[in-house]
1. With each pseudo-label sitting 7 Å past Cα toward Cβ, what's the residue 112-residue 126 distance in nm, one decimal?
2. Add -39500 (n - 2.57) for each DSSP H run of 4 or more in the chain, then divide by its residues: what number comes out at 222 nm, to the nearest 500 deg cm²/dmol?
3. In the neighborhood of residue 184, defined by Cβ-to-Cβ distances under 13 Å, what is the net charge if each Lys or Arg adds +1 and each Asp or Glu adds -1?
4. Roughly how tilted is helix 194-205, in degrees to the nearest 10 and between 0 and 90, from the longest Cα axis of the chain?
5. Which ordering of 193, 354, 151 is given by a fewest-first count of other beta-carbon atoms within 10 Å?
6. Using the 2.2 N^0.38 Å rule of thumb for compact globular proteins, work out how the chain stacks up: its C-alpha Rg over that value, please.
7. Using packing as a proxy for protection, rank 296-308, 243-255 so that the peptide with the highest average count of other Cβ atoms within 10 Å comes first.
8. Whole-Hz Karplus ³J(HN,Hα) for segment 67-83, in order, using 6.51 cos²θ - 1.76 cosθ + 1.60 and θ = phi - 60°, x for Gly and Pro?
Amino acid sequence: MNVRALNRALLARQHLLERSSLPVPAMLGHLVGMQGQAPLAPYVGLWTRLARFRPEDLASLLTGRQAVRGLLMRGTVHLVLAEDARVLRPLIQRVVANGYTGHFGRRIGDADLGAVARFGRVLLHERPRTRRQLQDALAARWPEHDAEALSYAVSYLVPTAQVTPRGVWGSTGPATLTTLDGWLGGPLDCRPSLEDVVRRYLRAFGPATIADVQAWSGLTKLREVVEPMGLRTFRAETGEVLYDVDDGVLPDPDTPAPARFLPEYDNVLLSHADRARVLPPGRRVPLPPGNGASRGTLLVDGFYRADWRRSGTVLEVTPHGRLTAGERAEIEAEGARLLQFLGAGEQSAVALVSGK
């Protein structure tokens, strides 16, 4: 399979060739969650995939605890369905815990991590706490240790959820943590199926190599899991084996791909070890700061070819190279729809600025 074939398969499975009529919970489940590092980014990610999406459709899932935000794949914040959080967090726990071995792990000294995690869990189960509140409580218990490092130990070692109003459209709030099982009102899955999760990944991101599955999840040593699953296989141009589910969509590589605005950190850009199926050579995924819904990337003919940023009532689009007249017109029309979704008002405009 060549890069273009893989690109069109990815776009079709991500509902970026045609907007879908799926309900929001069904789309969240199909995508196996969405990157939520920027709290409002999933709203743009759903708008670009769904034919009739309203922000309240997602906000109500969060406030109703049918969806939740927390550390999951790659040890980063994801927004997932509640039932998926119960399955994914036990599978990903070692990935999240391993993330603590870096900067903060070096600062914790000889503190008993098990005791810190147990005490931190009690604190967060008692009531949701901000990072500062958790840090202060841990400092009172272990005054001889780095309180900030202790607080991060708790968030890495204890499955947690970020409570609302964080991540709710039209609301603001600091990142406030509680225990994941407490927030969801039930225990996490004690026997989660990694094979089921691999199949779901392939249905949304495949065909893919074992290295791709590992890049998406953060897990390692998955060859012993994937190879015995009886999946159908293809051969990439590079010679690598691509795995896929039997019913995975494989559109014609020449299928037209419309311009699509993606939010910050969209998993389309981050979920493969070999990102050539969507990133041109030498292009990296930008990782801007912020709460989301204000900047992102733009797919043109299926590939990352521009960045966008909302500045007041103006949507600034910065192409990476030359665009045809048809591509410019398509971007302007789709950008106007994005501005309408973002509530920019009647005087809003799309501006294509100098490429880079």
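Nothing in this text is a laboratory measurement; each read-out follows from the coordinates by a stated rule. Everything quoted here is computed from the prediction, not taken from an experiment. Glycine also receives a Cβ, built like all others from the backbone with ideal geometry; neighbour counts cover every protein chain displayed.
1. Taking the simple label geometry, residue 112 and residue 126 are separated by 1.8 nm.
2. Rounded to the nearest 500, it is -11500 deg cm²/dmol.
3. Neighbour charge sum, excluding residue 184 itself: 0.
4. Taking Cα atoms only, the helix is inclined about 30 degrees.
5. Exposure proxy ranking, most exposed first: 354, 193, 151.
6. 1.03
7. Packing order, densest peptide first, comes out as 296-308, 243-255.
8. Rounded to whole hertz, the list is 9, 8, 10, x, 6, 9, 3, 6, x, 10, 6, 10, 9, 9, 5, 4, 5.
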